[in-house]
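Asks: Structure incoming, see below.
No lab work stands behind these numbers, since they all come straight from the coordinates. Worth saying up front: this structure is predicted, and the values here are computed from it rather than measured. For neighbour counting, all protein chains shown are included, and Cβ atoms are generated from backbone atoms with ideal geometry for every residue, glycine included.
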Amino acid sequence: MSAMQAQVMEQVDKLPFKEQREVFEKLRDRFDDELTPEQIAELDRRAERALAHPERCRPLDDVVADIEKRFRATR
């Protein structure tokens, strides 16, 4: 992740969850033409689940760190 991306994510993390959802939706809308209706429906379903249970969510940095750790272990 670039420094600019990290700064943007820090700012998004400071927003109330509802506003974070709005940012997500605007970004998702930019890529809708590249996604199938099924993929869009799945993203919507996951977003609704996250909104309903924010206590079950993990910070993006933790998820990325886990993925990088797994990737390094397979090399």
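Asks: For Ala47, state whether it is in contact (Cβ under 8 Å) with a residue 24 or more places away in the chain and either in contact with a helix residue (DSSP H, G or I) (Cβ under 9 Å, 6 or more places away or on another chain) or part of a helix (DSSP H, G or I) (or both).
Replies: So Ala47 fits the description; yes.
Asks: In addition: So which residues in segment 7-37 are surrounded by 12 or more Cβ atoms within 10 Å (Cβ to Cβ), within 20 Å of Ile67 (Cβ to Cβ) and either without any contact (Cβ under 8 Å) to a residue 12 or more places away in the chain or in contact with a Lys or Arg (Cβ under 8 Å, 6 or more places away or on another chain) (or both), if there are any at all?
Replies: Val8, Val12
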